[in-house]
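J.: Encoded as structure tokens, here's the structure I'll be asking about.
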Amino acid sequence: QVQLVESGGGLVQAGGSLRLSCAASGRTFSSCAMGWFRQAPGKQRELVAVLTRGGSTNYADSAKGRFTISGDNAKNTVYLQMNSLKPEDTAVYYCAAESARLMPTNWALVHYWGQGTQVTVSS
């Protein structure tokens, strides 16, 4: 079992930055594939960034060059640094964990979720 608790969401102006945190317990995040998904109103939950069990990172096209996923082993915490935020980044952001080496792109296949944190980007 993995428990995930997100923090760091909020309201920011376009062009600003936020850092989301995901504190894991029950297992070390390095033994899981970790990811950040987001869900905007009326839209499907989508994968934004992945930190694989081997330490590689992958990003959705919408996040490339602006978002960075990273992990701190000592704190057992995964982060999502979001820069150059746009109004279309507005969504609830969810931290996810999967025992497999890779994170499924289909959110319905993911086993562990945090409670979500709201990110709102104003224009």
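The values are calculated or read from the model by the stated rules, or taken from the named source; none is laboratory data. This one's a predicted model, so the numbers in the text were calculated from it and none came from an experiment. Here the Cβ is made from the backbone with ideal geometry for all residues, glycine too, and neighbour counts use every protein chain on show. These area figures cover heavy atoms from the full protein model, side chains too; ligands, DNA and RNA do not enter into them. Shrake-Rupley method; radii C 1.70, N 1.55, O 1.52, S 1.80 Å.
J.: Using a 1.4 Å probe over the heavy atoms of the protein chains, calculate the carbon and sulfur portion of the accessible area of the range 1-122 as a whole percent. Could the numbers behind the result be given before it?
T.: Numbers: 2930 of 5980 Å².
Answer for the range 1-122 is 49 percent, counting heavy atoms of protein chains only.
J.: With no other cysteine's Cβ closer than 4.7 Å, which Cys residues of the chain count as lacking a disulfide-compatible partner?
T.: If one checks each Cβ against the other cysteines of the chain, CYS32 turn up with nothing under 4.7 Å.
J.: Relative contact order of the chain: what whole-number percent is it, with Cα pairs under 8 angstrom and at least 6 residues apart?
T.: On the way: 322 pairs, mean separation 44.4, N = 123.
For the chain, the relative contact order is 36 percent.
J.: Given the chain reduced to its alpha-carbon atoms as identical point scatterers, what log10 I(q)/I(0) does the Debye formula return at q = 0.17, 0.18, 0.20 Å⁻¹?
T.: Rounded to two decimals, the profile gives -0.76, -0.85, -1.06.
J.: DSSP loop (so not H, G, I, E, B), at most 13 other Cβ within 10 Å: list which trypsin sites (Lys or Arg not before Pro) in the range 1-58 pass both filters.
T.: Working: sites: ARG19, ARG27, ARG38, LYS43, ARG45, ARG53; in loops: ARG27, LYS43, ARG45, ARG53.
Sites meeting the loop and neighbour criteria: LYS43.
J.: In nm, to one decimal, how far is the GLU88 label point from the SER122 one, both placed 7 Å along Cα→Cβ?
T.: 2.2 nm
J.: Report the calculated FRET efficiency for SER99 and THR68 (r = Cβ-Cβ distance, R0 = 22 Å), to the nearest 0.05.
T.: Values: r = 24 Å, r/R0 = 1.09.
Between SER99 and THR68 the formula returns 0.35.
J.: With a probe of 1.4 Å, find how much accessible area the chain has per residue, and write the answer as a whole number in Å². Walk me through the numbers on the way to the answer.
T.: Values: 6120 Å² over 123 residues.
Result: 50 Å² of accessible area for each residue.
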